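Worksheet: one structure, shown below.
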Amino acid sequence: MSNELKTIGVIGAGQMGIGISHVCSVAGYDVRLVDIAADALDKAKARIEKNLSRLVDRGRLEEAAMTEALNRISFDQEFGSLSDCNLVIEAATENEEVKKSVYDAVCPILPPDTILATNTSSISITRLAAQTDRPDRFMGIHFMNPAPLMELIELIRGIATAPEVFETVNNFVVKLGKTPVSAEDFPAFIVNRVVLPMINEAVYTLYEGVGTVDAIDTAMKLGAHHPMGPLELADFIGLDTCLSIMQVLHDGLADTKYRPCPLLVKYVEAGWLGQKTGRGFYDYSGDAPVPTR
């Protein structure tokens with residue numbers, strides 16, 4: 001089965017959809033990137049071109065390979081373009097209702113043997129699979145952000161996922177040049193189960209006045225050798241996404257240690273979501289980020 005994957009569909013032209021399309025096209029797969037918003041597709045095309053050009057400038061990709069990779073990606077507003085895909089990866093907003101509406105629209109278009117996957121960072125794979133017409137051919141393929149740079153991909157089976165589907169996807173991930181790890185279908189899987197409570201604890205440390213934004217991030221970079229401080233990382237991920245994952249952990253595991261910090265909730269209510277809005281735990285309006293607290 002592993003040789004069957006030739007054409008990959010990606011639903012959602014946000015940050016993750018862009019990265020996944022980039023990785024798949026460079027690895028030699030034809031890619032159909034679909035989003036209902038035309039402006040999102042225009043931005044996605046420009047972003048992929050810019051990212052690939054950067055690789056050429058650094059000598060990590062030949063110019064001819066860049067041109068071939070770009071030619072392998074089509075940009076579409078219609079789900080109909082996914083009808084010839086062997087694998088479709090949904091990278092829509094981290095919202096269960098949105099994902100369900102995507103599956104309702106796309107499942108009737110896909111051939112019965114097409115594998116459908118989700119890039120969710122925290123939602124139950126088994127529950128999402130049950131919303132589709134193919135729970136045995138559904139699983140989680142969780143790319144880390146940014147997808148072109150991060151070496152890891154978490155693979156998550158639902159209760160109904162067929163063993164041969166997992167094997168096919170595992171082989172696909174290896175062909176992308178990534179390292180797959182298998183995670184059980186528990187809230188937030190492996191990476192976010194460990195990283196997000198750390199970020200939430202850093203926000204509590206700020207909330208309780210133990211240290212400033214700068215002190216906390218400097219402490220973790222120099223004291224624990226983390227490449228980014230936890231609050232800087234939260235801004236990079238998006239504070240709304242951080243809050244959403246903490247809520248999934250809190251609801252799914254019913255443990256008070258996963259209670260989202262009230263300060264994280266306040267920042268999200270203020271629309272201070274991090275880098276993407278220009279302000280979070282840092283203000284990004286100037287030449288260098290400045291702590292907001």
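The values are calculated or read from the model by the stated rules, or taken from the named source; none is laboratory data. Worth saying up front: this structure is predicted, and the values here are computed from it rather than measured. Cβ sites come from the backbone with ideal geometry, for glycine too, and all protein chains shown count toward neighbours.
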* Given the conditions (1) in contact with a strand residue (DSSP E or B) (Cβ under 7 Å, 6 or more places away or on another chain); (2) closer than 26 Å to THR120 by Cβ, report the number of the one that TYR282 does not fulfil. => (2)
* Asked: Within region 121-136, can you find the residues that are in contact with a strand residue (DSSP E or B) (Cβ under 8 Å, 6 or more places away or on another chain) and either at pLDDT 95 or above or among the aliphatic types (A, V, I, L, M) (or both)?
  -> ILE125, LEU128, ALA129, THR132, ARG134
* Does VAL102 meet the test of being at pLDDT 95 or above, outside any helix (DSSP H, G or I) and not polar (S, T, N, Q)? -> no
* Structure fact -> Expected single match for surrounded by 15 or more Cβ atoms within 10 Å (Cβ to Cβ) and outside the structural domain of GLY12 (by TED's automatic domain parsing) among VAL195, VAL173, VAL165, VAL210 is VAL195
* Asked: Given the conditions (1) assigned to a loop (DSSP other than H, G, I, E, B); (2) closer than 23 Å to PRO289 by Cβ; (3) out of contact with any Ser or Thr (no Cβ under 8 Å at 6 or more places or on another chain), which single one is not true for PHE186?
  -> (2)
* Would you confirm whether any residue within region 214-232 is touching a residue at least 40 places away in the same chain (Cβ under 8 Å), outside any helix (DSSP H, G or I) and among the small types (Gly, Ala, Ser)? => no
* Structure fact -> Residue set GLY286, GLY280; condition among the small types (Gly, Ala, Ser) and either under 23 Å from PRO146 (Cα atoms) or surrounded by 15 or more Cβ atoms within 10 Å (Cβ to Cβ) (or both); output residue GLY280
* Structure fact -> The one condition VAL265 fails out of (1) more than 23 Å from THR120 (Cα to Cα); (2) surrounded by fewer than 20 Cβ atoms within 10 Å (Cβ to Cβ) is (1)
* region 145-158, residues that are surrounded by fewer than 18 Cβ atoms within 10 Å (Cβ to Cβ) and closer than 17 Å to THR93 by Cα -> ASN145, PRO146
* Asked: Looking at THR205, THR168, which is the one that is free of Cβ contacts under 8 Å to residues at least 40 places away in the same chain and β-branched (Val, Ile, Thr)?
  -> THR205
* Filter region 107-117 for residues that are surrounded by fewer than 23 Cβ atoms within 10 Å (Cβ to Cβ) and either among the acidic types (Asp, Glu) or not in a loop (DSSP other than H, G, I, E, B) (or both) and give the result. => ASP113
* To do: For LEU231, indicate whether it is surrounded by 19 or more Cβ atoms within 10 Å (Cβ to Cβ) and out of contact with any His (no Cβ under 7 Å at 6 or more places or on another chain).
  => yes
* Yes/no for GLY223 being small (Gly, Ala, Ser), at pLDDT 95 or above and more than 20 Å from SER121 (Cα to Cα) -> yes
* Among what's in region 118-133 and is out of contact with any Cys (no Cβ under 7 Å at 6 or more places or on another chain) and assigned to a loop (DSSP other than H, G, I, E, B), pick the residue that is surrounded by the fewest Cβ atoms within 10 Å (Cβ to Cβ). => ALA130
